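A.B. asks: Can you read through this structure? Questions will come right after.
The values are calculated or read from the model by the stated rules, or taken from the named source; none is laboratory data. Worth saying up front: this structure is predicted, and the values here are computed from it rather than measured. Glycine also receives a Cβ, built like all others from the backbone with ideal geometry; neighbour counts cover every protein chain displayed.
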Amino acid sequence: MGELLVIVVSSREAAEEVLKTHDAIFCSRPQMETIRSVRRRGSDIAFAPYGNEWRQLRKICILELLSRKRVQSFRAIQEEEDLLVAGTDTVLTIIDWAMAELMRNPLVMSRAQSEVRRVFVEQMKVTEEGLKKLSYLHWVIKETLRLHAPGPLLIPRESQETCRVMGYDVPKGTIVLVNAWAISRDPEYWDEPETFKPERFESDTRDFRGHDFEFTPFGAGRRMCPGMSFALASVELALANLLFHFDWNLPDVVDANELDMAKAMGFMCRRKAELWLKPIVRVPFASEN
Ligand code: HEM
């Protein structure tokens, strides 16, 4: 790319070599002008080069900000605030895509809503405890992450030494883009890859926790997303609330099959068109109780 040496990783095998076998070599981030301009005051984690500063920041992030205990301490507030506490772009992007897919797939929407309503009907509100019982909603989120990972090329890596990947010599300083978007839609690894089919995860145990290299929306290895648990908890809570309290319709002029699913250009994979939906308050179940 211009004067920069860049390789694009587009298979599970190559992703495993970069993110696992040679993770210690590919765990830095390139410091091009665009990335320098994104880094604020030179003290962020995501774009920091590998080294002591990154290690310290990551430690603080994991122990102080995103530990299970700390995330749980936010939970009571999250439950009380209904649902839009998912204060990051990535999380909102996933909620947006998930709702669009649910609108295009009414049977999936109906199965997800039945599950959420069955689990929370007694408490009449969505609670953290009950979220663990939502297996179908969890598959919906997995399938959304498979098809619409917010970072389709993850975050660029840079090699700290020369090494061999898939039999090729990769010089020190090469930028590596992992094309997670292409890999998680590759028919070699996925049955009906373009179809939104949460049911696939009923028998398919592949997960996004950094061990299955055909499914890496959160990356893998040393630079894997430390916000994964927080993000999942936020998405689950928001979607469970949206499905528990409301039925959803598209505006009259829009046919579900025609819903615009185009992606906007950019670092993050957002929907190009805004998603307009009509909520109908559904809980308390006035007609049933
Ligand atoms: C659905 C939501 C999210 C997705 C799909 C996502 C995905 C990613 C990916 C692909 C990476 C790069 C991993 C790699 O290079 O192997 C990353 C890094 C990172 N993410 Fe996330 N992320 C999400 C939400 C969050 C949230 C909510 C937070 C914080 C609250 C967060 C904090 C970070 C940080 C700090 C890094 C940089 C880690 C490092 O370079 O050491 N992410 N994320």
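A.B. asks: What is the number of the single condition among (1) at pLDDT 95 or above; (2) crowded, with 17+ Cβ neighbours inside 10 Å; (3) not acidic (Asp, Glu) that Arg118 does not meet?
C.D. replies: (2)
A.B. asks: Which residues, taken from region 225-258, are touching a residue at least 60 places away in the same chain (Cβ under 8 Å), within 6 Å of the ligand (Cβ to nearest atom) and not in a helix (DSSP H, G or I)?
C.D. replies: Of everything in region 225-258, those that are touching a residue at least 60 places away in the same chain (Cβ under 8 Å), within 6 Å of the ligand (Cβ to nearest atom) and not in a helix (DSSP H, G or I) turn out to be Pro226, Gly227.
A.B. asks: Any residue in region 44-68 that's modelled with pLDDT under 85: show its pairings with residues that are in a helix (DSSP H, G or I) and within 11 Å of the ligand (Cβ to nearest atom) at Cβ separation under 8 Å, as long as the two are six or more apart or on different chains.
C.D. replies: Asp44/Leu57; Glu64/Arg70; Leu66/Ser229; Leu66/Phe230; Arg68/Ser229
A.B. asks: If I filter region 197-217 down to residues being touching a residue at least 40 places away in the same chain (Cβ under 8 Å) and within 13 Å of the ligand (Cβ to nearest atom), which single residue comes out as surrounded by the fewest Cβ atoms within 10 Å (Cβ to Cβ)?
C.D. replies: Filtering region 197-217 for residues that are touching a residue at least 40 places away in the same chain (Cβ under 8 Å) and within 13 Å of the ligand (Cβ to nearest atom), the one surrounded by the fewest Cβ atoms within 10 Å (Cβ to Cβ) comes out as Gly210.
A.B. asks: Just to be sure, is Thr90 at pLDDT below 95, within 16 Å of the ligand (Cβ to nearest atom) and out of contact with any strand residue (DSSP E or B) (no Cβ under 7 Å at 6 or more places or on another chain)?
C.D. replies: So Thr90 passes the test.
A.B. asks: A further question on this structure: Hey, can you tell me all the residues within region 151-183 that are in a loop (DSSP other than H, G, I, E, B) and crowded, with 23+ Cβ neighbours inside 10 Å?
C.D. replies: Answer for region 151-183, where residues must be in a loop (DSSP other than H, G, I, E, B) and crowded, with 23+ Cβ neighbours inside 10 Å: Leu154, Ser159.
A.B. asks: In region 153-179, how many are charged (D, E, K, R) and within 16 Å of the ligand (Cβ to nearest atom)?
C.D. replies: Here the count works out to 2.
A.B. asks: Going by the conditions given, is Ala100 of a type outside the set (Lys, Arg), within 16 Å of the ligand (Cβ to nearest atom) and at pLDDT 95 or above?
C.D. replies: yes
A.B. asks: Ok, one more. Can you name the condition, by its number, that Glu194 falls short on among (1) outside any helix (DSSP H, G or I); (2) of a type outside the set (Phe, Trp, Tyr); (3) crowded, with 19+ Cβ neighbours inside 10 Å?
C.D. replies: (3)
Residue by residue, here is whether (1) over 24 Å from Ala262 (Cβ atoms); (2) touching a Ser or Thr at 6+ places or on another chain (Cβ under 9 Å) holds:
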site	(1), (2)
Glu158	yes, yes
Met166	yes, yes
Ala180	no, yes
Glu192	no, no
Glu199	yes, no
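A.B. asks: Name the single residue that is farthest from the ligand (Cβ to nearest atom) among those in region 43-59 being part of a helix (DSSP H, G or I) and of a type outside the set (Asp, Glu).
C.D. replies: Among those residues, the one meeting the criterion is Asn52.
A.B. asks: Residue check, Ile141 against (1) away from the ligand (no atom under 13 Å from the Cβ); (2) within 18 Å of Thr216 (Cβ to Cβ); (3) buried (at least 17 other Cβ atoms within 10 Å of the Cβ), all met but one. Which one?
C.D. replies: Status for Ile141: all satisfied but (1).
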